[in-house]
Every structure is written in C-alpha cells, then in structure tokens.
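Undergrad: The structure that follows is given in the form of structure tokens.
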Amino acid sequence: MPEGPQTLKNRNMKPSFFDLTHDDLKVVLKEKGFSPFGATQIFDWVYRKWIFEPALWSNVSKGAREFLSEHYDMSLLKIVWNGLSKDGTRKFLVKMVDGQTVETVAIPARERLTLCVSSQVGCAVGCTFCHTATQGLKRHLKPGEVVGQYIAVQDWLNKNTLEEKLTNIVYMGQGEPLHNYENMKKATQIFMQENGLALGQRRITLSTSGLVPAIEKLATDFPTVNIAISLHSARNDVRTELMPINKVYDIERLFKAIKQIPLKAHRRITYEYLLAADINDTQEDVDALAKLLNPKESKINLIPFNEYPGSKYKRPTEQKIMWFLDQMIKKGFTCTIRTTKGTDILAACGQLKSEFEKVNLWNKDAGPVVIPSIASSVLQNQSQIPQ
C-alpha cells in the first residue's frame, strides 16, 4: 500500500533541536567531528540570546552551523491563539508539527511570572473533576515540545510586551507528568541547564496525581525539583470517586512511595486539595487530612473547584472555603488557598483542554463568578460548620 502524504512528511521530518540536552548536543557534535565545547556556545545563542538561526551564531564553526541547519529543526512551536484574562492571566493554544495542540498558561503574581506547561495531549488518568480528562490521552509530548511551550511563550512575550520574563514553571497543565516520565525528566534537565535557561530547582514544580511506580523513581532518577501531590481527599472512597487512579494506587501505597522522597532542610511536599461542594469539604474530611499528613513536612494548597461547561461538581461557598482553611491552620498546618485566575478564559486549574476549532471560552452570560477572597479571621471564632 502506498504511503500517504502525512506518512511521508513524518518520515522526512527533522528531529527538533529542542529535544537535545546540553550533554546530548555535546555527543552529537563530537560524533560529527566538531568540538563538543561548541554545545555551550550554541545553548547560549538559543536559550540566552534567543537567536534561533544557526547562520547568526558568529562564534560557532561554520561546519557545525551547517550541520545543525541541515539535520535539526530549529523552528518554534506555533501559537495559534492567545487570550488575556481580566486578572492578567494569559492562555496560549500551542500547535505542534503534527497538528496536535496543547494549552499553556502564563500566570502573573508578585515578582513572578509562572508558566503552567502541559506534559501530554490530553490525559489518561481520568480525574472526574478535570476538563482535560474529557478529551482522553492522544499522545505524550516530546521533551522539545515541553521546553518549546516555554520558548514559544517567552518569544511571544519578548515581541509583544515590555520585558516580561517567565520566572517559574509548574507541570500542572494538561496531562500527568509522571506518565510521560522520561520525556519530562529530559525536559527538566534542559530547563535547569546552567548554560541555558538555568532555572533553579526551586523554580520548577512537578505535580502528580499519584503514579506510584514513577514516584518511587523520583528520589534517585529525576532532577531535584519541588513536588506537589494531587491528593484531594484523605479518604480512599472519596479520592477514588474524584481520581480513579486511587483504585490502583490507594492512599496507603501512595504515601509509602512519598516517604521515599528525601526532603532537604526546610523543604516540604505540597498537597493540592480540590474543594468541591459536599464532596470533600466536611469535618470528617478535615480530621482525615490532619491525621494523614505531617504538618512539619507538608503544605496544603486548597483549590476551590473551578467550574467548566458540563462539570458535575460545584464550588463551595466562600464561607465554607474559609472555614476549611481555618480548620487546617488551627491543626498546625501551613495552608493556603490557590488564587483562582483565568476562569473567564478557562485557564484556571482543571479547566484546560485542547480545542483548536473551538477555543475554550466561557459563555459571557453563563460564566463563573470569581469570588473575592476574605480574611480567614472572619471565621476564627465560629464553631458551626458553614453550608
């Protein structure tokens, strides 16, 4: 059977330069007879000077430049759409060479601009509260497609804003990062390369739904970064309802693996806790969470549910959210509420989904209400559980 045009296109496609770690590039150069030390110069041009055309790398040998131009694709991922939220959050729809798309979100905060990057096209974990889960898993992202989200967005910012610079990365976009373990490991090495982007370990956070075999490898086989666990309930029955992965890797197995992660001095694991009305926001949930976690080794990040079209869960009342926060603080935990950003462009936690033909935007008349935060002290002396 003759090959179709797409098959031929894929066969002739060059590998992406952005899939290469610094060490990979040194090996490639050495194998082709070029100085491996040129890798440092090339990383400087690409990741520090933002010059992606080899012909302009003036201190790199002509032969190395011509070789890379001929054998590697230096093109950036294409931003096919971007939307700006009223709170300053900006969502980008990024298209890859095979036509698949992912969403990545730039989230501003005080003295930081964090990029929430995707690790897969879709997701296989199937969390029942997550919009990405509704599209299923299409494929893993390659290392260069993960790094490429950062490069494409920063390049866009360089050309369209006044010196906005991405400072932090969170692996909290579409997909389960540890399901794409090797590619995310390699992408992290590229992000952290001193001669390149040079992002420190405290500026990268990996969030996982609890893929136990991969968590067990983190301690010895993955660059040291911040770790966040999508917990969402300390009760197996509730967690299984929210996260089907709990049927295979229940809370007991999950925490046995977590205990193998070495924590440096003054470092803690963050536990992400979605708050859904009447699902996991009761006194029983508070008590179970306090019993499960060690306050000296844990930080709790509460995430009030961000509704999306067709979602079956509801956001708790602001009063209930603050009550839950207050209860955990009283039990000695460092506990915060994740600021909800980008809901008006479906860029908030749990709302991402790849749709090129139909960009994810709320209907203006039916969109969610962004509730202004109030001080937790309002509920300090309140004994009754809010509804």
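Undergrad: What's the exposure ranking of Ile204, Ile190, going from fewest to most Cβ atoms within 10 Å? Write out the running numbers ahead of the final one.
TA: Working: Ile204 20, Ile190 24.
If I rank by nearby Cβ atoms, fewest first, I get Ile204, Ile190.
Undergrad: Averaged over every viewing direction, what's the projected area of the C-alpha convex hull for the stretch 11-134? Give it in nm², one decimal, please.
TA: 10.9 nm²
Undergrad: Once you have the Cα-Cα distance between Lys331 and Lys256, take 0.36 nm times their residue separation minus that, and quote the gain in nm to one decimal.
TA: 24.7 nm
Undergrad: If the reach is capped at under 16 angstrom between alpha carbons, list the lysines near Lys264, excluding any in the same chain fewer than eight residues apart.
TA: Leaving aside lysines fewer than 8 places away in the same chain, those within reach of Lys264 are Lys296, Lys299.
Undergrad: A further question follows. With Cβ to Cβ distances under 14 Å as the rule, what net charge do the other residues near Lys314 carry (K, R +1; D, E -1)? Kindly include the intermediate steps, with their values, before the conclusion.
TA: Details: positive: Lys312, Arg315, Lys320; negative: Asp278, Asp281, Glu307, Glu318.
Surrounding charge for Lys314 is -1.
Undergrad: Out of residues 5 or more away from Lys138 or on other chains, whose amide H comes under 5 Å of its own, with H placed 1.01 Å from N in the peptide plane?
TA: Val121, Gly122, Cys123
Undergrad: Could you calculate the contour length gain from Lys264 to Thr339, that is, 0.36 nm times the residue separation minus the distance between their Cα atoms, to one decimal place in nm?
TA: Extra length from Lys264 to Thr339 when fully extended: 24.3 nm.
Undergrad: Using 0.36 nm per residue, how much length does the chain from Glu53 to Glu164 gain when fully extended, once their Cα-Cα distance is taken away?
TA: Between Glu53 and Glu164, full extension yields an extra 37.7 nm.
Undergrad: Here's another thing I want to ask about it. Give me Asp281, Asp237 ranked fewest to most by other Cβ atoms within 10 Å of their Cβ, as a rough exposure proxy.
TA: Asp237, Asp281
Undergrad: Going by how many other beta carbons lie within 10 Å of each one, how would you line up Trp50, Trp45, Trp81, fewest first?
TA: Numbers: Trp50 12, Trp45 19, Trp81 15.
The most exposed by this proxy come first: Trp50, Trp81, Trp45.
Undergrad: Calculate the FRET efficiency for Ala198 and Gln319 from the Cβ-Cβ distance with a Förster distance of 45 Å, rounded to the nearest 0.05.
TA: Rounded to the nearest 0.05, the efficiency is 0.55.
Undergrad: Mind checking which of Val46, Asn59, Leu20 is farthest towards the positive end of the stretch 15-71's charge dipole, using Cβ charges of +1 (Lys, Arg) and -1 (Asp, Glu) about the Cα centre?
TA: Asn59
Undergrad: Could you give the Stokes-Einstein D for the stretch 15-71 in µm² per second, using the C-alpha Kirkwood radius, 4 °C, 1.567 mPa s? Don't skip to the end; give the middle numbers.
TA: Details: Rh = 11.1 Å.
Taking Rh from Cα pairs, D becomes 116 µm²/s.
Undergrad: Right, next: For the stretch 226-296, what does the relative contact order come out to in percent, with C-alpha contacts under 8 Å and a separation of six or more?
TA: Answer for the stretch 226-296 is 49 percent.
Where a number appears in this text, it was derived from the coordinates with a stated rule and is not lab data. Note that the structure is predicted; figures quoted are calculated from it, not measured. Positions of Cβ are generated from backbone atoms using ideal geometry, with glycine treated the same way; all protein chains shown enter the neighbour counts.
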